[in-house]
1. Rounded, prolate or oblate: which one fits region 343-402, using the alpha carbon gyration tensor with axes a ≥ b ≥ c (rounded when a/c is under 1.5, else prolate when a/b beats b/c, else oblate)?
2. Are there chymotrypsin sites (Phe, Trp or Tyr not before Pro) in region 201-283 that DSSP puts in a loop and that have at most 16 other Cβ atoms within 10 Å, and which ones?
3. For a test of the definition: using alpha carbon positions, the gyration tensor, and the 1.5 limit on a/c, classify region 199-263 as rounded, prolate or oblate.
4. Counting each pair of different Cα atoms once, what's the Kirkwood radius of region 297-434 in Å, rounded to one decimal?
5. Ordered by packing density, taken as the mean number of other Cβ atoms within 10 Å over each peptide's residues, highest first, how do 322-328, 406-412, 392-398 rank?
6. Take the alpha carbon gyration tensor of region 181-315, find the square roots of its eigenvalues, order them as a ≥ b ≥ c, and report rounded if a/c is under 1.5; if not, report prolate when a/b exceeds b/c, else oblate.
7. Give, in nm to one decimal, the length gained when the segment between residue 73 and residue 132 is fully stretched (0.36 nm per residue of separation minus the Cα-Cα distance).
8. Using modelled backbone amide H atoms (1.01 Å from N, in-plane), which distant-in-sequence or interchain residues come within less than 5 Å of residue 255's amide H?
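The values are calculated or read from the model by the stated rules, or taken from the named source; none is laboratory data. From a predicted model like this one, the values you see are computed outputs, not experimental measurements. Here the Cβ positions follow ideal geometry from the backbone for every residue, glycine too, while neighbour counts run over all protein chains shown. Accessible surface is based on the protein model in full, side chains and every heavy atom, while ligands, DNA and RNA are left aside. Shrake-Rupley method; radii C 1.70, N 1.55, O 1.52, S 1.80 Å.
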Amino acid sequence: MRSYMNLSVAPCDDFYEYACGNWKNLLTNTELAQALNVSTELQVAQKFYNACLSAVVFPFPAAEPAYLKLIRSVGGFSKNPEGVANYLAMLLLYTMDAKLKGEKYHKDYCLSMVRFSFPHLLNKLYMADQFNERTRSEVYAIVQEVRNSQRKALEKVEWLDPETRREAQLKESTIESIIGSYENEEITTRMIQEIRGLDLKEASYPQSLIHLRKLVTRLRRFNGFHYEELHNESKPLDFLLGMQVNAFYYNLDNSIYVMAGILHPPAYHPDWPNSLKLGTLGYLMGHELTHGFDTMGSNFDSEGEMRNWWSKKSRAVFEERAMCFVDYYDRYLIPEINRNINGKGTQDENIAVSGGLQGALDAYRNQMKQLKNRSEGANATLESEKMPGLDLSPEQLFFLGFAQLWCADYEQEHYWEELGKEHTIDKYRVLGAVSNNHDFSQVYNCPSGSPMNPKNSCRIW
Ligand SMILES: [Zn+2]
């Protein structure tokens with residue numbers, strides 16, 4: 001059998017290079033895709049990426065200081081209203097035209113305009129085509145498995161005192177899981193009906209675009225326009241959009257949201273073995289659940305209220321352990337731009353990565369234990385947990401799936417862009433996660449002191 005892995009880099013030296021060095025081959029290899037029965041699904045996903053998900057970010061001129069400077073240079077709003085109006089019109093037209101210079105951009109531009117302007121309508125079509133009860137119940141079962149292991153971790157973590165542990169357990173037990181999207185039929189229908197107000201009669205192309213933008217603004221401000229009639233606990237409108245490629249934890253209602261848009265490779269495929277499903281989607285769930293217990297989430301209680309439910313003693317240990325992550329990531333140097341990762345700015349994400357990976361692995365181990373107890377052919381179970389063409393044990397595959405979520409090609413400007421954000425740059429996200437995980441070292445036989453198995457590591461949950 002062919003091996004699809006790039007073996008020029010050893011997993012214990014640099015797990016990111018090991019997992020991603022050959023990742024395109026692995027994900028797009030037709031032989032492997034056929035063996036996994038993912039080719040059609042991948043194409044469907046790509047079609048929807050093209051049709052729905054290639055969002056265009058429109059620059060909002062008022063946010064740019066250069067714009068304000070120019071407004072002043074033409075005399076400001078009060079002295080030269082025509083000058084300012086002309087300038088704004090030019091900016092608006094330029095924004096519309098910029099994507100239309102080459103014919104090859106027309107289709108993408110139009111598709112993304114439709115996606116941008118009618119998200120709720122497209123979402124309805126997307127959900128009907130791409131999401132079903134089978135997926136919902138499987139994803140729900142994975143979330144439950146991961147929650148089980150999080151519950152056990154809260155039970156046994158040695159540094160929590162009894163009163164803080166009780167509060168943490170209460171918070172965990174009341175987390176709600178929303179799978180697919182948050183549903184509100186009434187608001188969805190109203191958002192779709194708003195489209196009727198779009199005036200395209202005999203309008204020119206630029207006029208149509210202006211009308212489209214007015215509609216978008218009306219939709220975005222829907223909650224504001226209707227706040228008097230809306231329920232006090234109305235969710236942000238984005239929560240209704242299952243087609244977004246996203247999963248998140250929301251402090252204010254102590255819930256995790258797993259959007260339908262993320263339920264495609266490389267995050268999930270129904271035919272994958274459990275080892276891969278838990279290393280990918282299971283990890284993502286564990287990550288979001290851990291956000292309820294990171295330095296920000298730990299300020300909110302089970303009701304989503306901001307309240308300090310920590311004893312002084314437990315809080316001090318928690319902060320000391322969080323500091324370990326800050327120092328650990330601070331040490332990562334990105335040679336391409338000669339800068340270090342910002343450990344403080346990324347600490348909550350790194351805590352969530354670490355807790356999520358451990359939670360998912362524990363969930364996988366527990367799932368296997370149950371399967372083996374139930375089935376007589378333990379070896380058959382083990383075989384079905386492998387992937388054709390990959391000479392990896394199920395648990396090695398678990399970690400490979402996790403790492404492959406973050407394979408990316410970076411140009412220099414991307415490092416600069418990502419450096420200030422709350423997520424650690426993909427490569428270091430993977431390296432930080434596996435090198436702080438003792439089970440990883442065992443699964444890949446990394447000797448103590450090797451780059452992926454350093455002497456000092458960090459852990460909170
Ligand atoms: Zn996160």
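1. Judged from the Cα gyration tensor, region 343-402 comes out oblate (a/c at least 1.5, b/c at or above a/b).
2. Hits after loop and neighbour filter: 227.
3. Because a/c hits 1.5 or more and a/b fails to exceed b/c, region 199-263 counts as oblate.
4. Answer for region 297-434: a Kirkwood hydrodynamic radius of 17.9 Å.
5. 392-398, 322-328, 406-412
6. oblate
7. That works out to 15.6 nm of additional length.
8. Counting only residues 5 or more places away or on other chains, the set is 176, 250.
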